[in-house]
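The values are calculated or read from the model by the stated rules, or taken from the named source; none is laboratory data. Since this is a predicted model, take the numbers as computed values, not measurements. Using ideal geometry, Cβ is built from the backbone for each residue, glycine included, and neighbour counts are taken over all protein chains shown. Accessible surface is based on the protein model in full, side chains and every heavy atom, while ligands, DNA and RNA are left aside. Shrake-Rupley method; radii C 1.70, N 1.55, O 1.52, S 1.80 Å.
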Amino acid sequence: MQNEETSVKNSPGLILKSVGGLYFAETSDGIIECKARGIFRKENISPCAGDRVNVEHDGKTGLITEIFPRKNQIIRPPLANLDYLIFVISTCEPEPSFLVLDKFLAVAEFKKINGAVVLTKNDLKRRQDIEDIYRGIGLPVFVTDYSDPASYMPICDLIAGHICALTGNTGAGKSTLLNNIDASLGLETGEISKKLGRGRHTTRQAELFKLSNGGYIADTPGFSAFDTNSYDIILKDELKYCFPEFERYEGKCRFPDCAHIKEKGCAVIEAVNSGEIAKSRHDSYVQMYEEAKLIKEWEVRKQ
């Protein structure tokens, strides 16, 4: 009796997670456990969740032979090809930090990732202030009430068919949101954090979870445990382009090299004073600019 030869296929796939040098890629033949070609290490490329890849496999195990070009990537947790970065913030407990939210939104803009804001635990006045600020810069803002499924269904619609990551205030209700977005996670709220790798002593490895609406979502650490520089570093001269509400004033300042900090004749500062730009957003920009001045550009460029 002749031995059947195992047929080897080449299939496009999506990496869902990596564990100890092994990668789990979703293909049309199911989820394949893969290793990566050694040449990627030589080229200083590390496959990560969200990567579109080509997999040579036998239906069970395989080899990643190609990583297709990424449209974006964040550093830690390592994620690629994000369509949306969704920020979950509480309007009361914990108190929202506009600075930290604005830092993350700037990184999303810098990386060309769509941003969205989800508000939980709603204090009515503060909620309205936040809505006005962030809808005013063109972001989708969702107000959730978990007793009313209609309040979070638009978030489901946003995620459908996209690769997304969820981040936000620690304690803001990300796990509750995930549980309401897709009950197929099948866990009580308190257990979701375990499935998403949020144990106190767990090494962070990003993992994409496939949702019933065809989307994928990754959880990330809470703001209080996370430095936005882990997502990426924005140099001071690039920072103003990460605040989209500044764009309409570009070229209207008295000085062509205006940093929009405290210069006379600055069109951005005039817009802040007239209420056209939210003061909290400009305050965040100024603080980020001062922090960015301390970054040695040559050290960033050599990375």
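Restricting the first member to the range 243-264 and to residues that are under 18 Å from residue 105 (Cβ atoms), and the second to residues that are of a type in the set (Lys, Arg), the beta-carbon pairs closer than 8 Å and six or more apart or on different chains are 243/281; 245/281; 246/240; 260/240. Of all the numbered requirements in (1) open to solvent by 60 Å² or more (accessible area, probe 1.4 Å); (2) modelled with pLDDT of 90 or more; (3) assigned to a loop (DSSP other than H, G, I, E, B); (4) not aromatic (Phe, Trp, Tyr), residue 82 misses one, and that requirement is (1). Does any residue of the range 159-174 turn out to be modelled with pLDDT of 70 or more, in contact with a Phe, Trp or Tyr (Cβ under 7 Å, 6 or more places away or on another chain), open to solvent by 40 Å² or more (accessible area, probe 1.4 Å) and assigned to a helix (DSSP H, G or I)? No, that holds for no residue. Which of the following residues is modelled with pLDDT of 95 or more and open to solvent by 10 Å² or more (accessible area, probe 1.4 Å): 232, 283, 257? The unique qualifying residue is 283. Scanning the range 29-52 for residues that are over 23 Å from the mean Cα position of the chain (by Cα), in contact (Cβ under 8 Å) with a residue 40 or more places away in the chain and assigned to a loop (DSSP other than H, G, I, E, B) turns up nothing. Here 26, 66 are screened, and the one residue that is open to solvent by 70 Å² or more (accessible area, probe 1.4 Å), in a strand (DSSP E or B) and acidic (Asp, Glu) is 66.
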